[in-house]
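Everything on this sheet refers to the single structure shown next.
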Amino acid sequence: RRSNRRAHERERAANAPTRADDWHSSTDVMRERARSDERGADACERAFEAWLSARKVQLDGVALATFRRTGRGVCATRDLGIGEVVVRVPDGAVLTSETSCASAALEAMLGAESAESPRLDKEMLVIGVMCEMLRGSESKYAEYLRVVYDGVVRGHSVLSWDNDEAVLLEGTDAWRDAYENEDEELDLPTMTDEHWKCVVKPFFRANPALAHGRPMKELRELHYAATAAVAGYSFTLGDDEIQGMVPFWDMLNHAPPCDATVRLYHDEKTSTLQMITVREVKKGEEVFNTYGPLRNAELLRRYGFVLARNPHGGTTVSLEDVVEAALEAHPEVIDELPLRLAWLESRGIGDETLESRFFIHPTGRPSKEILIALRVLALTPEEMTTLIDTDFDDEEQLMILEGNDAQRTEQSYLVGASLQFLSMHAKERYNETMRESRLIIQMFAGVSPSDPAQEERYRAWCAAIVRMGEQRTLSKLGRWTYQPNRCEDSLLHAWPFPLSEEDEE
């Protein structure tokens, strides 16, 4: 069953529409031009600095710079102390769907639907950015968007990876979320082709004037670029969670939260978005923002880079993976599988599609959802009947449900065996082994993301970093299960109470 499913997945991936070849080929000429003319990039940055001044964006002690390890970023032009406001961006300089030239058309087409969908709000900004880019020099954001577009073209968004590069990510969380996940709550880029077909293409057919005569093929290529720009450069602002592009804020590179050198703040009195230092920075050093406690799979998918030493790691497995591991350890449960899956769904753990994802900590510790699911799948038919009939408001019945010593020993053994199978088989989803991933990391260590000649090597290194982190986590899952000090209580998670009406809603 597992081998058939994996064969089907590989066949589906091989026959899937080309994800990035259109945009990748269309930007080859622009990429080569950017590589051969660094003076053009300098002129673009100088025009952006003049635009910032004209829009009353204030910079105090910071400026754009290029770093070998992180590419374009922001450096300190003097020694910075703690608590200094180094950037002030007026609210009026922020690009949102409502401030773009497409605001009226977007409102007419989508109306109040965007307020009900955070995903749609982000995709409205994608269309707004596209329309501003199509206006060229006539756009009031022209100089700013040229710098953003230059960063997208020179960057490593997974949307610009060709198929040979993208296949290096197969099996990782970055691959699934970028190309297969249909979760509406997920940050861009994801479901990019569906968005083009269902939203962007109909929008430009209804508003041909905003396309400025560009054919649909060019618009689709631009859609990839705008999606990468919004994914990598936009912010979620305020309690209303408005999606916006904040000039210069988005030029700072990422560091983990514990290493960030600035924090972001909105001053309502002056209507400005401020960047305030939280630690001292020496002249010439890079100034870092933080994008949050993100794993490398998320950093690569959303921003096009990874951290060699990322304190935030781990990976996910699907409910289907968990069920298959449990069936290998306890095959007799297959006769009651629908009943047990229904019970898990009644507790908010998974659904009938088996596509729910569960997290595994980088130490190998499985999430409570994994432990609960495996315990349910380890029960005998009689124990399952007791679980279904138990009144969770009755403490005596709960004590009976926990079982005697023999029952708990048997359950913990089956849960542990299932975790071993899960650890072993989840690693089969990758095309490369841990040894191969480690070799690639060692071979391409020190490759610069800003060197166009090393683009292919850098992307291979990024993919290997993501794979290696996930493979290590899955290996540690197997070791976590049978550590000498691991007691059965660690494997047998307490039974969850029924969902309240609010939880169900």
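The values are calculated or read from the model by the stated rules, or taken from the named source; none is laboratory data. In this text, all values refer to a predicted model and were calculated from it rather than measured experimentally. FYI the Cβ positions are ideal-geometry reconstructions off the backbone, even for glycines, and counts take in every protein chain you see. Accessible surface is based on the protein model in full, side chains and every heavy atom, while ligands, DNA and RNA are left aside. Shrake-Rupley method; radii C 1.70, N 1.55, O 1.52, S 1.80 Å.
Per residue, the convex hull spanned by the alpha carbons of segment 428-505 comes to 196 Å³. Average accessible surface for segment 315-493: 47 Å² per residue, computed with a 1.4 Å probe over protein heavy atoms with every protein chain in place. So what's the gap between the Cα centers of segment 396-450 and segment 113-185, to the nearest angstrom? With segment 396-450 and segment 113-185 each reduced to a Cα centre, they are spaced 33 Å. Amide H contacts under 5 Å for Gln243: Leu237, restricted to partners 5 or more places along the chain or on a different chain, H placed in the peptide plane at 1.01 Å from N. Asp121 exposes around 40 Å² of accessible area when a 1.4 Å probe is run over every protein chain in place. Ignoring ligands, DNA and RNA, please state the percent of accessible area on segment 150-229 from carbon and sulfur, probe 1.4 Å. Result for segment 150-229: 49 percent of the exposed heavy-atom area is carbon or sulfur.
Suppose every Lys and Arg Cβ carries +1 and every Asp and Glu Cβ carries -1, with no other charges. What dipole size does segment 315-493 come out with about its Cα centre, to the nearest 20 debye?
Numbers: 18 positive and 32 negative charges, 329 e Å.
So the dipole magnitude of segment 315-493 works out to roughly 1580 debye.
Remark: the chain carries a charge dipole of roughly 3180 debye about the Cα centre, counting +1 on each Lys and Arg Cβ and -1 on each Asp and Glu Cβ. Using heavy atoms of the protein chains and a probe of 1.4 Å, the accessible area assigned to Tyr413 is about 140 Å². Is any residue of segment 367-403 close enough, with backbone N under 14 Å, to a label point placed 7 angstrom from the Cα of Leu337 along the Cα-Cβ axis, and if so, which? Those under the cut-off are 377-378.
Backbone geometry of segment 163-180 corresponds, through the Karplus equation with coefficients 6.51, -1.76 and 1.60 at θ = phi - 60°, to 3J(HN,Hα) couplings of 5, 5, 7, 5, 5, 5, 8, 4, x, 7, 5, 5, 4, 4, 6, 7, 10, 10 Hz, x marking Gly and Pro. Look at the dipole of segment 364-471 built from charges on Cβ: of Leu401, Ser412, Thr433, the Cα furthest out on the positive end belongs to Thr433. Which entry in (1) 22.4, 71; (2) 25.5, 77; (3) 26.4, 101 matches Rg and Dmax of the Cα atoms in Å derived from the coordinates of this structure? Entry (2). Here is how the number arises for the chain: DSSP H runs of 4 or more residues each give -39500 (n - 2.57), the sum is divided by the residue count, and the result at 222 nm is -15000 deg cm²/dmol. Each residue of segment 265-272 is assigned a 3J(HN,Hα), and the resulting list reads 8, 9, 8, 5, 5, 9, 6, 10 Hz, derived from the Karplus form 6.51 cos²θ - 1.76 cosθ + 1.60 (θ = phi - 60°), x at Gly and Pro.
Where both residues lie in the chain, what percent of DSSP beta bridges are antiparallel, nearest 5? Around 95 percent of the beta bridges assigned by DSSP in the chain are antiparallel ones. The H on the amide N of Asp79, modeled in the peptide plane, is under 5 Å from the matching H of Lys283, each at least 5 residues off or on a different chain.
Which number do you get for Rg(Cα) / (2.2 N^0.38 Å) in segment 315-493?
Numbers: Rg = 19.8 Å, N = 179, 2.2 N^0.38 = 15.8 Å.
In units of the globular-protein estimate, segment 315-493 measures up at 1.25.
Amide H contacts under 5 Å for His266: Gln274, restricted to partners 5 or more places along the chain or on a different chain, H placed in the peptide plane at 1.01 Å from N.
Converting phi to 3J(HN,Hα) with the Karplus coefficients 6.51, -1.76 and 1.60 and the offset θ = phi - 60°, segment 246-257 yields 9, x, 6, 3, 7, 8, 6, 7, 9, 9, x, x Hz in sequence order, with x at every glycine or proline. All other residues whose Cβ lies under 15 angstrom from that of Gly61 are scored, Lys and Arg at +1 and Asp and Glu at -1, for a net of -2. A simple count of charges around Pro381, restricted to other residues whose Cβ falls under 11 Å of its Cβ and scoring Lys, Arg +1 and Asp, Glu -1, yields -4.
Have a look at Trp51, Thr99, Trp175 and report the one farthest towards the positive end of the charge dipole of the chain, computed about the Cα centre with Cβ charges (Lys/Arg +1, Asp/Glu -1). Positive-end residue among those listed: Trp51.
Against the chain, whose longest principal axis is taken from its Cα atoms, helix 142-154 shows a tilt of about 50°. When you filter the GluC sites (Glu not before Pro) in segment 147-246 for DSSP loop state and at most 15 other Cβ atoms inside 10 Å of their Cβ, you are left with Glu180, Glu182, Glu184, Glu185, Glu241. Relative to the longest principal axis of the Cα atoms of the chain, the long axis of helix 319-329 lies at roughly 30 degrees.
Against the main long axis of the alpha-carbon atoms of the chain, helix 118-135 sits at an angle near 20°.
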